[in-house]
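Student: Here it is, the structure, as structure tokens.
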Amino acid sequence: MSDIKIDAVLDITNEVCPMTFVKTKLKLETMELGQHLEVIICDGEPLRNVPRSLKEEGHKIVGTKKEGNRFHLIVERGS
Amino acid sequence: MNFTEEQIMRYSRHIILKEVGGKGQDKICKAKVFIMGAGGLGSPAALYLAAAGVGTIGIADDDVVDLSNLQRQILHATSDVGKAKVFSAEETLSAINPNVKLVAYKERVTSDNVRDIIRDYDIVLDGSDNFPTRYLINDACFFAKKTLISGSILRFDGQMTVFKPHAGGPCYRCLYPEIPPAGFVPSCSEAGILGPVAGTIGVLQATEALKEILGIGDQLIGRLSVFDAMTTTFRELKVRKDPDCELCGENATIHHLVDYEQAPCAIRI
């Protein structure tokens, strides 16, 4: 995970479903194809739902790191 | 595409949709739709388009709210009786979504002003209740190359279609070449309407307007969708471009806008 260049970071730990996905999606829309977004996300429902919705929209989860009760997802912007 | 926190929350259920997203919502927020009439069709259409965040909504109507309108014209409340429909509409719509710029035209739309009115809009949604206005709006949209979302209702039936002759489809005159003579138009006493039928068609018109703004789905061009509330069915009829159409045909004879007359007791839904 350390060799991936992070282009932007988004903390959605204060958001609730579905704003977690909405905020992530909007951020990715402002990025270029292939760029990487690090998403700081809570365990539980957000971690189950957000990656699934991102994959459905063509984005890739290229890395996950746990830090306490939070996760850092590395999302590659897809089409 | 700079949404406020309030807008992100307000439009989140649109943004979630893969086919809409932030980019699509941005298109909606920048779109300009003109609605002819704040009545049975214009009411539900305007409510949904305002709620959707359409940037500018123009509404023309020279009428005032009557108690007999309230059974289906859901922009207006009992306390609005006697008030100009466009001002009642403005109040209702701005209460739902203060982000929307509303332009009220409290005037009769005629051949003199229609070009100036529709010039500023991308899409025209016809919710008028009479043939002279429908022909006028159709002709004006044809000359100005505006997409026209047409709807009409009577009793338990409604129909709608999208006219985009500048993109190859038919126009209203291809479907109805001539204005029907007075005796063929139902009179006031014959022209009842089940309230929610107006809502059904008006809401479908709003849906087509949003599809047009977003550039998604199959447009209702060259297809007339006919709703029968009694059987709860939709039928679809093909509408072909008439090569002999007096307005959009090869040997068109109509080159100017025409104001038709209609008997005072013809349908006013």
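The values are calculated or read from the model by the stated rules, or taken from the named source; none is laboratory data. All values reported here derive from a predicted model rather than from experimental measurement. Because the Cβ atoms are built from the backbone with ideal geometry, glycine has one as well, and the counts that use them run over all protein chains shown.
Student: Kindly list, by first and then second residue, each pair from a residue in the range B:1-20 that is more than 7 Å from chain A (Cβ to nearest Cβ) and assigned to a loop (DSSP other than H, G, I, E, B) to a residue that is of a type outside the set (D, E, K, R) and surrounded by fewer than 16 Cβ atoms within 10 Å (Cβ to Cβ), limited to pairs with Cβ atoms under 6 Å and residues at least 6 apart or on different chains.
Tutor: B:Glu19/B:Ile216
Student: Kindly indicate whether B:Ile153 is at pLDDT 95 or above and under 18 Å from B:Asn69 (Cβ atoms).
Tutor: On the way: at pLDDT 95 or above: yes; under 18 Å from B:Asn69 (Cβ atoms): yes.
Taking the combined requirement at face value, the residue satisfies it.
Student: Moving on to the next point. What single numbered condition from (1) over 15 Å from B:Gly21 (Cβ atoms); (2) out of contact with any Lys or Arg (no Cβ under 9 Å at 6 or more places or on another chain); (3) within 14 Å of chain B (Cβ to nearest Cβ); (4) among the aliphatic types (A, V, I, L, M) fails to hold for A:Leu26?
Tutor: (1)
Student: Considering every residue within the range B:112-119, establish whether at least one is more than 15 Å from the chain's Cα centre (by Cα), of a type outside the set (Val, Ile, Thr) and farther than 25 Å from B:Val258 by Cβ.
Tutor: Restricting attention to the range B:112-119, the residues satisfying the condition of being more than 15 Å from the chain's Cα centre (by Cα) are B:112-113, B:115-116, B:119.
With of a type outside the set (Val, Ile, Thr) added as a condition, the list becomes B:112-113, B:115-116, B:119.
This time we only want the ones that are farther than 25 Å from B:Val258 by Cβ, so: none.
No, every residue in the range B:112-119 fails to be more than 15 Å from the chain's Cα centre (by Cα), of a type outside the set (Val, Ile, Thr) and farther than 25 Å from B:Val258 by Cβ.
Student: Looking at B:Gly168, B:Gly195, which is the one that is over 24 Å from B:Asp63 (Cα atoms), surrounded by fewer than 17 Cβ atoms within 10 Å (Cβ to Cβ) and not β-branched (Val, Ile, Thr)?
Tutor: Numbers: B:Gly195 fails: over 24 Å from B:Asp63 (Cα atoms).
Result: B:Gly168 is the single residue among B:Gly168, B:Gly195 that is over 24 Å from B:Asp63 (Cα atoms), surrounded by fewer than 17 Cβ atoms within 10 Å (Cβ to Cβ) and not β-branched (Val, Ile, Thr).
Student: Next question, about the same structure. Which of the numbered conditions does B:Ser43 fail, given that it passes all the others? Conditions: (1) touching a strand residue (DSSP E or B) at 6+ places or on another chain (Cβ under 6 Å); (2) within 24 Å of B:Pro132 (Cβ to Cβ); (3) of a type in the set (Ser, Thr, Tyr).
Tutor: Unmet condition: (1).
Student: Quickly run through the range B:21-33 and pick out the residues that are assigned to a strand (DSSP E or B) and not basic (Lys, Arg). Walk me through how you get there before you give the answer.
Tutor: Taking the range B:21-33 and keeping what is assigned to a strand (DSSP E or B), we get B:32-33.
Listed by number, the list holds a single entry, B:Val33.
Student: Please go through the range A:34-63 and pick out each residue that is free of Cβ contacts under 8 Å to residues at least 24 places away in the same chain, more than 14 Å from every other protein chain (Cβ to nearest Cβ) and over 12 Å from A:Thr20 (Cα atoms).
Tutor: Listed by number, the residues that qualify are A:Gly44, A:Lys60, A:Ile61.
Student: Moving to a separate point now. Given the condition touching a Ser or Thr at 6+ places or on another chain (Cβ under 8 Å), away from every other protein chain (no Cβ under 14 Å) and at pLDDT 95 or above, answer yes or no: does some residue in the range B:53-66 qualify? Show your work before the answer.
Tutor: Filtering the range B:53-66 for residues touching a Ser or Thr at 6+ places or on another chain (Cβ under 8 Å) gives B:65.
Going one step further and asking which of them are away from every other protein chain (no Cβ under 14 Å), we end up with B:65.
Okay, now just the ones that are also at pLDDT 95 or above, so B:65.
Within the range B:53-66, one or more residues are touching a Ser or Thr at 6+ places or on another chain (Cβ under 8 Å), away from every other protein chain (no Cβ under 14 Å) and at pLDDT 95 or above.
Student: Just one of the numbered conditions (1) more than 14 Å from chain B (Cβ to nearest Cβ); (2) under 24 Å from B:Glu5 (Cα atoms); (3) touching a residue at least 40 places away in the same chain (Cβ under 8 Å) is not true of A:Arg77; which one?
Tutor: Looking at each condition in turn, A:Arg77 falls short on (1).
Student: Okay, moving on. Select, from B:Gly217, B:Gly183, B:Gly249, B:Gly202, the only residue that is part of a helix (DSSP H, G or I) and over 18 Å from the mean Cα position of the chain (by Cα). I'd like the intermediate steps shown before the answer.
Tutor: Numbers: B:Gly217 fails: part of a helix (DSSP H, G or I); B:Gly249 fails: part of a helix (DSSP H, G or I); B:Gly202 fails: over 18 Å from the mean Cα position of the chain (by Cα).
Only one candidate qualifies: B:Gly183.
Student: Could you figure out which of (1) loosely packed, with under 14 Cβ neighbours inside 10 Å; (2) closer than 26 Å to B:Asp26 by Cα; (3) in contact with a strand residue (DSSP E or B) (Cβ under 9 Å, 6 or more places away or on another chain) isn't true of B:Pro98?
Tutor: That leaves (3) as the condition not met.
Student: For B:Asp129, which of the numbered conditions (1) modelled with pLDDT under 95; (2) out of contact with any Gly (no Cβ under 8 Å at 6 or more places or on another chain); (3) of a type in the set (Asp, Glu) fails to hold?
Tutor: Result: B:Asp129 passes all but (2).
Student: Return the residues of the range A:7-23 that are touching an Asp or Glu at 6+ places or on another chain (Cβ under 9 Å), more than 10 Å from chain B (Cβ to nearest Cβ) and under 24 Å from A:Ser79 (Cβ atoms); say none if nothing qualifies.
Tutor: Result: A:Asp7, A:Ala8, A:Val9, A:Leu10, A:Thr20.
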